[in-house]
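Undergrad: Dropping a structure here in structure tokens format, bear with me for questions.
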Amino acid sequence: MAAYVHMSFLSNYTVLPKFKGVDDVLARDISPNEPLFSTDFHSFRVINAYSTNTVDHRVHSVSPEVLFPDLGFPLLVLGDLNIHNPLSDPLRHFSRREILSWTPYFEKAAESGFALLNPPGEYTRFPLVGTARPSVIDLSFPNAPLLPLVKSWEASLPSTGSDHIPITITLATPSLNQKPPRPCWADTDWETLDPIVKAFKVPAAPPGPPPCNWRNGCRSRWTGW
Amino acid sequence: MSESLDRLVALLKEHTPVSRPSHHSKPWWTPHLSILRREYHKAARAARKHDSPHMRKIAGSCKAGYFEAIKAAKSKHWSSFLLTATPQSLWTAKRFAYGRAQPRFPSLPGAETPQQMNSVLLEHFFPAKEPFSPPPRLRPNKSAPPLTTDEIATALSKCSPTSAPGPDGIPYSTWKQVNKINPSTLLHILSPPVLLGYHPTSLKSSNGVVLDKPGKPSYESPSSFRIIVLIRTISKVLERIIAARLLAAARLRGLLHPNQCGSLPGLSTYDACLTLTNNVRTLQRPRLKVSSLFLDIKAGFDNVDNNTLARILREGGIHSYLVSWVSSFLGQRSCTLIFQGAPGTPAPVNVGAPQCSPISPHLFLLYVAPLHFGIPRGLMISYVDDFALTVASLSYRGNIRRLQDLFDKPERKASGLGVSFSVAKTELIH
């Protein structure tokens, strides 16, 4: 489990103490000098986890409650969770044991307002043994305050020699590209509008205000007093 | 007026569906491809179910046929698009061939947050000017001729349906249709501003789209970006109406010099070039040496002063309602900058004559017309903000002396108007 922090954040991050006796979780609070991407938040937390199978196969070594806390500030949960699930790997055939193993994690994530970033079917682990199939077990979950700041999830960097490929998650100021849909003026319903426009009445203009009112109005509009 | 306009805009938006981006995402798609896709999926399902080499072969050939057909359909669509391409679709073809460049995010030193970037860009594009002096009180002007439906129809006929709309998003085509259904609607909405000589504040808001200038070595300065200002189309209709009235009055009262070209009906770039060429050849015929000094007014539109322009118009005998409308139009404007991550808050700006407006070139021509007066006719010709002084004598040295003498007059007048000639763009041609 390795995590890289951008140089600009190096002087502003804190590694939190051991996480409730769980060895496989590392949490860092990162505090940029300025508010985080023009939001009201001044820091965000990254929880990096390595979760392995336990004896009963129902819950892994890191429990859903530890992984997905219900916090009111930006939080990114990521790591090798060893969970196979149809949201990230839709083409995989799941055993009953696997279904039992991912259900509590995804229920808790949904309950705490987390979203899965992994694009469906994009593998993150390519076993070095040729007989085993690739899988998606490195999962990333931003919570609701962080989700609007997530710009991209990419697995395009070259291999580091591990069977897990490096993943880059980019955070940025919310993009203006997410514009609301615009009216399609070519499809205006003129048949319905025709009688409405014909019946549209414009009231007569009121007589002009006296000069003092007009000046006061202008002054208050532009000076605020 | 603003309330009626808002009510009408709301009605129009209510009866217009939102665009579906997927509708035109595959213009090359054909019904035949839908059949092939269905066949391919059917064959693939059958191959998975029966898992025989024969079925797998059929599924493979279906897949190959489907993808080949997609390739052919794309190629055919591109060829037919090029065959039917018009000069107007040139940029669409470029976009298809090269893709659309992603807008560059401004990264300005000392401006870390979007709010700071917004302020820096606003200061660069709209530098602070003298405060605006408020127009006289609003009162219907009896000398103002009432607005007619013909004026509105003429103004609308000159508007391109593909022109980018302003903050309300309504294109000209919609106003044309509204005017076709009920000409009295726009007449009643636009009449009060004309009669009162007042441009409503609601029509003076604009969107300023910040675009990067291509090929700059660095994008850490606001000068590496330019701005396209978009105002409401209904405002531009009103501006065209006033521009037509103002131009007619200015020509009647001789406020424009006959040697001024550009943005005037019947006096285009071609006319300006032809007149200059004709002048030069006429002077060359008696074997004289001819020299032309080309001058350009620096940031011309931005430096139009509201109070000075009102004085020029008033002294020129322009109707008071037009002078009042122009003063109201130029003052108290606001602009919302649009770039990635922009806060999207409108800010009051002082822009001189706004570059986006159809009336601005006319206002600028009237503003700089005094530069022509006092110079013998035929020596100076101008195209909006570009001036050419042409002289002839027996020697080039004599020409230079004459040009130096002549240049003093427009330069003094320009400084009185608060404008100056750009040294970098000045050219002398013998």
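None of the figures in this text is laboratory data; all of them are computed from the coordinates on show. Given the structure is predicted, the values throughout are model-derived calculations rather than measurements. Every residue, glycine as well, gets a Cβ built from its backbone with ideal geometry; the counts of neighbours run over all protein chains shown.
Undergrad: Taking a temperature of 10 °C and a viscosity of 1.306 mPa s, what whole-number D in µm²/s does Stokes-Einstein yield for the range B:4-99 with Rh from Kirkwood over alpha carbon pairs?
TA: Once the numbers are plugged in, D ends up at 92 µm²/s.
Undergrad: Among the aspartates and glutamates, which fall within straight-line cross-link reach of A:K201, defined as a Cα-Cα distance under 12 Å, with same-chain neighbours fewer than 8 residues apart omitted?
TA: Within the straight-line cut-off, A:K201 pairs with B:E3.
Undergrad: Once every Cα of the protein assembly as shown carries one equal point scatterer and solvent is ignored, give the base-10 log of I(q)/I(0) from the Debye formula at q = 0.10 Å⁻¹, two decimals.
TA: Calculated log10 I(q)/I(0) at the listed q: -1.13.
Undergrad: Still on this structure: Given R₀ = 25 Å, FRET efficiency for B:R56-A:R133 by Cβ-Cβ distance, to 0.05?
TA: Values: r = 20 Å, r/R0 = 0.79.
Once the sixth-power term is evaluated, E becomes 0.80.
Undergrad: In addition: Could you work out, residue by residue across B:10-19, how many beta carbons of other chains sit within 10 Å of that residue's beta carbon, and then give the average as an integer?
TA: 6
Undergrad: Looking at chain B, what % of the alpha carbon pairs are farther apart than 30 Å?
TA: It works out to 59 percent of all Cα pairs.
Undergrad: Related question: List the longest stretch of chain B that has no exposed loop site; here a site is one of the trypsin sites (Lys or Arg not before Pro) assigned by DSSP to anything other than H, G, I, E or B, with at most 13 other Cβ within 10 Å.
TA: B:1-99
Undergrad: Let me ask something additional. About its Cα centre, how strong a charge dipole does the protein assembly as shown have in debye, to the nearest 20, once Lys and Arg get +1 and Asp and Glu get -1 at the Cβ?
TA: I would put it at about 2400 debye.
Undergrad: Something else: Return the average number of partner chain Cβ atoms within 10 angstrom of each residue Cβ along peptide A:184-195.
TA: Mean number of neighbouring Cβ atoms from other chains: 6.
Undergrad: With springs only between Cα atoms under 10 Å apart, run a GNM on chain B and tell me which of B:S52, B:S223, B:S357 wobbles the most.
TA: B:S52
Undergrad: Would you mind classifying the range B:286-349 by shape? Square roots of the alpha carbon gyration tensor eigenvalues, ordered a ≥ b ≥ c; an a/c under 1.5 is rounded, otherwise it is prolate if a/b is larger than b/c and oblate if not.
TA: Oblate shape, in that a/c is at least 1.5 and b/c is the bigger or equal ratio.
Undergrad: Then there's this: Scan around B:Q340 for amide H atoms under 5 Å from its own, H built in the peptide plane at 1.01 Å from N, and keep only partners 5 or more places away or cross-chain.
TA: It is none; the list stays empty.
Undergrad: What angle do you read, to the nearest 10 degrees and between 0 and 90, between the alpha-carbon axis of helix B:2-14 and the longest principal axis of chain B?
TA: Orientation of helix B:2-14: about 20 degrees from the principal axis.
Undergrad: Over 23 Å between Cα atoms: which of B:K71/B:K94; B:K180/B:K204; B:K94/B:K158; B:K74/B:K94; B:K142/B:K180 fall into that group?
TA: Where the Cα-Cα span goes over 23 Å, the pairs concerned are B:K180/B:K204; B:K94/B:K158; B:K142/B:K180.
Undergrad: Once Lys and Arg get +1 and Asp and Glu get -1 on their Cβ, which of A:A49, A:A186, B:A10 lies farthest toward the positive end of the dipole of the protein assembly as shown?
TA: A:A186
Undergrad: Taking the Cβ-Cβ separation of B:R45 and A:T103 as r and a Förster radius of 45 Å, what is the calculated FRET efficiency to the nearest 0.05?
TA: That gives a FRET efficiency of 0.95.
Undergrad: In nm, give the distance between the simple-model label positions of B:K142 and B:A249, each being 7 Å from the Cα along the Cα-to-Cβ direction.
TA: Spacing of the two 7 Å Cα→Cβ label points: 1.7 nm.
Undergrad: Ok, one more. Checking the cross-link filter: which lysines have an alpha carbon closer than 17 Å to that of B:K76, excluding same-chain neighbours under 8 positions apart?
TA: Once the sequence-local lysines are set aside, what remains near B:K76 is B:K26.
Undergrad: Right, something else. I'm a student and want to see the number: the projected area of the Cα convex hull of the range B:147-283, averaged over all directions, in nm². Walk me through the numbers on the way to the answer.
TA: On the way: hull surface 51.4 nm².
Hull-based average projected area comes out at 12.8 nm².
Undergrad: Also: Among B:H362, B:P376, B:W325, whose Cα lies farthest out toward the positive end of the dipole of the range B:283-430, if unit charges sit on the beta carbon of Lys, Arg (+1) and Asp, Glu (-1)?
TA: Value: B:P376.
Undergrad: Per-residue mean of other chain beta-carbon atoms within 10 angstrom of the beta-carbon, peptide B:184-190?
TA: 3
Undergrad: I would also like to ask the following. Compute the FRET efficiency between B:T282 and B:F373 as 1/(1 + (r/R0)^6), taking r as their Cβ-Cβ distance and R0 = 25 Å, and round to the nearest 0.05.
TA: 0.65
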